[in-house]
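Asks: Pasting a structure below so you can have a look.
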Amino acid sequence: MKIKILSFGKFKNSQAYEQIFYYYTKRIDVNIELVELKTYDISKKLELEKKEIAKYINKGDFVFCLDKSGKSINSDQFSELIFKIFSNGYKTIVFLIGSENGFHNEIKTLYETFSFGRQTWPHLLTRVMLIEQIYRAFEIKKNSNYHK
């Protein structure tokens, strides 16, 4: 099992977010890979970001797109979904976190999309929220006290 998180931007100026992110990755008993994607500052930004994302998705990966227009799910549903995907034979789940402009429409139609609510969140904070929810999903599966 492997979880890959593709996110635009870098932690470089956000050490607090980075510390929290890696605190959770160390507690999860699965291979977690964070890929910090290059951001673009030009008019065709979303098209270029779509190509950047495609470089890191392999055939056979299950991909989620985090977008405020996506389906809202609770932690129990999220946990159930992750383990159902792995039990269906997928070896890697990829989570996409967009830049400040969101995603190219093609990305949102190609992949399963869910949200952390209708609010807009900074992408670095979204990384922290996502890794905590992944950790929580594993704790739910173990029936630990963390989720209670």
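Asks: Return the loop-located trypsin sites (Lys or Arg not before Pro) in region 1-53 (DSSP other than H, G, I, E, B) with at most 15 other Cβ atoms within 10 Å of their own Cβ; answer none if there are none. Provide the component values of the computation, followed by the final result.
Replies: Values: sites: LYS2, LYS4, LYS10, LYS12, LYS26, ARG27, LYS38, LYS44, LYS45, LYS50, LYS51; in loops: LYS10, LYS12, LYS38, LYS44.
Those that pass, being in a loop and sparsely packed, are LYS10, LYS12, LYS38, LYS44.
Asks: Could you point to the residue in VAL94, GLY60, TRP121 farthest towards the positive end of the chain's charge dipole, with +1 and -1 charges on the Cβ of Lys/Arg and Asp/Glu respectively?
Replies: Of the listed residues, the answer is GLY60.
Asks: Right, something else. About its Cα centre, how strong a charge dipole does the chain have in debye, to the nearest 20, once Lys and Arg get +1 and Asp and Glu get -1 at the Cβ? Let's see the in-between values first.
Replies: Working: 24 positive and 17 negative charges, 34 e Å.
Computed charge dipole of the chain: roughly 160 debye.
Asks: Also, quick follow-up: Go through THR113, THR120 and list them by solvent-accessible area, largest first, probe radius 1.4 Å.
Replies: THR120, THR113
Asks: Give me the angle, in degrees from 0 to 90, between the Cα long axis of helix 123-142 and the longest principal axis of the Cα atoms of the chain, rounded to the nearest 10.
Replies: On a 0 to 90 degree scale, this one is about 20.
Asks: Kirkwood Rh, Cα Rg: Rg to Rh for region 7-67? Could you put the intermediate results ahead of the total?
Replies: Values: Rg = 13.9 Å, Rh = 13.8 Å.
Here the Rg-to-Rh quotient is 1.01.
Asks: Let me ask something additional. Given R₀ = 41 Å, FRET efficiency for ILE73-ASP41 by Cβ-Cβ distance, to 0.05?
Replies: Values: r = 33 Å, r/R0 = 0.81.
With R0 = 41 Å, the Cβ-Cβ based efficiency is 0.80.
Asks: For a quick protection proxy, order the peptides 95-106, 74-85 by their average other-Cβ count within 10 Å, most packed first. Walk me through the numbers before you get to the answer.
Replies: Working: 95-106: 17.7, 74-85: 15.2.
Top of the packing list down: 95-106, 74-85.
Asks: Another question, then. Roughly how many Å² is the accessible area per residue of the chain, as a whole number, for a 1.4 Å probe?
Replies: Accessible surface, normalised per residue, equals 57 Å².
Asks: Another question, then. Pairs of lysine in region 43-134 with Cα under 20 Å and at least 8 positions apart or on different chains: total?
Replies: Total qualifying Lys-Lys pairs in region 43-134 comes to 18.
Asks: Over the Cα atoms of region 80-129, what radius of gyration and what Dmax do you get, in Å?
Replies: When restricted to Cα atoms, region 80-129 yields Rg and Dmax of 12.6, 34 Å.
Asks: Can you work out D for the chain in µm² s⁻¹ from Stokes-Einstein, where Rh is the Kirkwood radius over C-alpha pairs, the temperature is 25 °C and the viscosity is 0.890 mPa s?
Replies: Details: Rh = 15.7 Å.
The diffusion coefficient I find is 156 µm²/s.
Asks: Separate question: Under a crude label model (7 Å from the Cα following the beta-carbon direction), how far is LEU125 from ASN31 in nanometres?
Replies: For the pair LEU125/ASN31, the computed spacing is 3.3 nm.
Asks: If each DSSP helix of 4+ residues adds -39,500 (n - 2.57) and the sum is divided by the residues in the chain, what number results at 222 nm, nearest 500 deg cm²/dmol? Please report the intermediate quantities before stating the final value.
Replies: Working: 5 runs with 62 residues, N = 148.
So the helix-based figure for the chain works out to -13000 deg cm²/dmol.
The values are calculated or read from the model by the stated rules, or taken from the named source; none is laboratory data. In this text the structure is predicted, and so the values were computed from the model without any measurement. Using ideal geometry, Cβ is built from the backbone for each residue, glycine included, and neighbour counts are taken over all protein chains shown. Ligands, DNA and RNA are stripped out before the accessible areas are found, and what is left, the full protein with its side chains, is counted by its heavy atoms. Shrake-Rupley method; radii C 1.70, N 1.55, O 1.52, S 1.80 Å.
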